[in-house]
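Have a look at the structure below before the remarks.
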Amino acid sequence: LIGMSQFKFWNDVNSLLTMDGPVKGPVPRWQRKKESGSFSSSSLNNSSKLRSLSSSLLNSTKTPTKGSESDYQRNKTPSKTPLKKSKTPTPPRAKTPSGDRFIPSRSASNFDLAHYKLTQDENSKSDSPTHQELQRVMSENLHGADINNQRILTYKNKAPSAPEGFQNPMRVIYTQTKTPASVKSSSRYIPQAPDRILDAPDIVDDYYLNLMDWSSNNILAAALGAHVYLWNAGTGNIDQLLELEGNDYVCSLAWIQDGNCLAVGTTNGTVELWDCSKSKRLRIMDGHSARVGSLSWNSYILSSGCRSGQIIHHDVRQREHIVATLSGHTQEVCGLKWSTDGKYLASGGNDNVLNIWQAVNGTHYSQNTPLHTFTAHQAAVKALAWCPWQPHILSSGGGTADRHIRFWNCNTGSCINAVDTKSQVCALLWSTTYKELVSGHGFANNELIIWKYPGMTKVAELTGHTARVLHLAMSPDGTTILSAGADETLRLWKCFTKNPTKSKDAEKIKSKPSALKQCIR
């Protein structure tokens with residue numbers, strides 16, 4: 001008995017698992033109706049009645065009476081609220097737009113080109129560059145353009161504009177994203193108008209002179225003809241320091257790095273030293289045969305450039321002040337700048353030459369022969385400025401025939417970048433707050449341009465001068481730029497305001513006396 005029961009159990013299991021026979025289940029609905037035999041006759045009659053009834057209901061405009069009720073309506077349960085025609089006319093439906101931005105326009109599509117590209121054999125293309133170039137030229141001549149870069153389908157209809165006052169609810173997702181710190185730092189506000197404008201009557205309109213300088217004690221020295229004026233930027237007081245006699249006029253000015261000593265170059269070839277705290281002339285140093293158009297300090301060494309192309313190093317502590325004489329230019333030296341670390345002296349001349357002089361070890365004056373001589377500029381090189389955070393990087397600007405700002409690595413003697421400014425470069429200044437550079441220009445825009453370094457993209461263009469910008473000077477805190485123009489105006493631009501979140505409060509300018517003025521003979 002046990003064996004028979006097990007055999008029956010496994011037989012039932014096998015019969016259930018076998019998929020050879022027909023699948024057992026409920027009879028489909030269509031098959032049940034077919035078997036009933038009433039599908040072909042009665043259902044067709046009922047469907048025709050339903051269609052006629054629905055059409056009569058839709059076409060009738062009056063409410064049907066009781067006597068006109070059909071058999072179909074009497075068999076159905078009547079609704080609680082009878083159907084009434086609304087007195088208010090139904091507004092017409094908005095028409096579906098005929099075009100869609102995702103459906104191409106057939107009239108503007110190139111189906112011949114589409115058929116050619118679909119039937120083109122990819123394996124038949126040659127790998128030879130010459131053959132590919134030949135095919136490209138032939139296709140351009142036949143089709144008018146490169147078929148590989150030409151659209152086949154054209155979408156002319158634009159997406160419909162949103163109705164007035166529509167607010168996209170998804171806009172919140174994209175507007176709540178935090179702005180990256182790099183974008184925040186690069187988008188600071190730079191005023192396009194000067195913070196202050198001062199008059200500068202009788203300023204000499206000469207490209208080769210250097211008539212403005214701003215001291216570490218916040219005193220601006222300005223040479224106007226034969227006069228030198230001192231403007232205290234903190235108090236606003238203006239004092240006259242000196243007046244030259246006869247037809248002489250001031251050609252250059254330079255403050256000592258720390259103190260109240262001002263060097264003044266004149267047309268008769270002399271250099272005067274003045275103690276501005278006492279309005280007293282300390283000494284007169286000669287040695288040049290023509291006007292002194294450029295001056296630069298390096299500790300107690302004062303370097304002066306002459307119209308003859310000669311450069312003299314003066315030791316202001318000694319009676320015999322001339323310690324070295326340099327002859328590296330054939331025409332006037334109009335640009336002269338010591339690097340911030342005192343290792344290099346840059347001199348630019350009207351002979352389109354830029355010389356780099358290396359300082360003698362253990363001293364503050366340079367050797368007699370230039371370390372590098374650059375002749376890339378095609379005009380006079382007056383604008384010179386050393387990078388404050390990379391003391392070996394020098395920027396130089398050329399005159400009207402050159403119009404370029406060039407950057408030099410004085411350790412290697414190579415030009416690392418050059419930018420065409422499209423106008424005469426009269427002056428250059430580096431920012432001590434940001435990695436940016438300011439350039440003053442002449443014809444045609446007479447403007448100041450702030451450049452982002454090292455990419456040399458324009459950050460701002462400051463206009464307002466009606467004549468060329470001759471000189472630039474920076475305030476000791478590095479926030480304000482002064483521009484002197486040939487239109488006899490001095491304009492103060494507050495373009496390098498420090499970010500209060502990144503830097504501490506600006507320290508007050510200390511007015512301590514220089515120890516060198518006690519040694520000047």
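Of the residues ARG403, ARG196, ARG319, ranked by 1.4 Å probe accessible area with the largest first, the sequence reads ARG319, ARG196, ARG403. With the cut-off at 1.5 for a/c, could you classify segment 369-410 from its C-alpha gyration tensor as rounded, prolate or oblate? Taking the square roots of the gyration eigenvalues as a ≥ b ≥ c, segment 369-410 is oblate. With R₀ set to 56 Å, the beta-carbon distance separating GLN318 from THR466 gives a calculated FRET efficiency near 0.75.
Extension gain, THR400 to GLN6: 0.36 nm times the residue separation minus the Cα-Cα distance gives 130.6 nm. Sorting HIS131, HIS115, HIS227 by solvent-accessible area of protein heavy atoms yields HIS115, HIS131, HIS227, largest first, with a 1.4 Å probe. Ranking of SER289, SER296, SER128, SER279 by solvent-accessible surface, largest first: SER289, SER279, SER128, SER296 (1.4 Å probe, protein heavy atoms only, all chains present).
Take the cross-link list LYS343/LYS452; LYS382/LYS422; LYS435/LYS498; LYS422/LYS494; LYS458/LYS494; LYS452/LYS494 and give me the ones stretching past 19 Å between alpha-carbons. Too far apart for the 19 Å limit: LYS343/LYS452; LYS422/LYS494.
Taking a ≥ b ≥ c as the square roots of the eigenvalues of the alpha-carbon gyration tensor, segment 197-323 is classed oblate because a/c is 1.5 or more while a/b is no larger than b/c. With both labels modelled 7 Å from their Cα along Cα-to-Cβ, the PHE111 to ASP202 distance reads 8.7 nm.
Here segment 375-512 has 49 percent of its accessible surface on carbon and sulfur atoms, given a 1.4 Å probe and all protein chains in place.
Computed extension length for PHE166-GLU243: 20.6 nm, one decimal, from 0.36 nm per residue of separation with the Cα-Cα distance subtracted. Counting heavy atoms of the protein chains alone, VAL360 has an accessible area of about 50 Å² for a 1.4 Å probe.
Taking all protein chains as they are arranged and a probe of 1.4 Å, the heavy atoms of MET456 leave approximately 20 Å² accessible to solvent. Would you mind getting me the FRET efficiency between LEU134 and GLN358? Use the beta-carbon distance for r and R0 = 56 Å, nearest 0.05. With a Förster radius of 56 Å, E is 0.45.
The values are calculated or read from the model by the stated rules, or taken from the named source; none is laboratory data. Just so it is clear, the structure is predicted and the values come from calculations on it, not from any experiment. Don't worry about glycine lacking a Cβ; one is built from the backbone with ideal geometry, like all the others, and counts go over all protein chains shown. The protein model used for the area step is the full one, side chains on, heavy atoms only, and it has no ligands, DNA or RNA in it. Shrake-Rupley method; radii C 1.70, N 1.55, O 1.52, S 1.80 Å.
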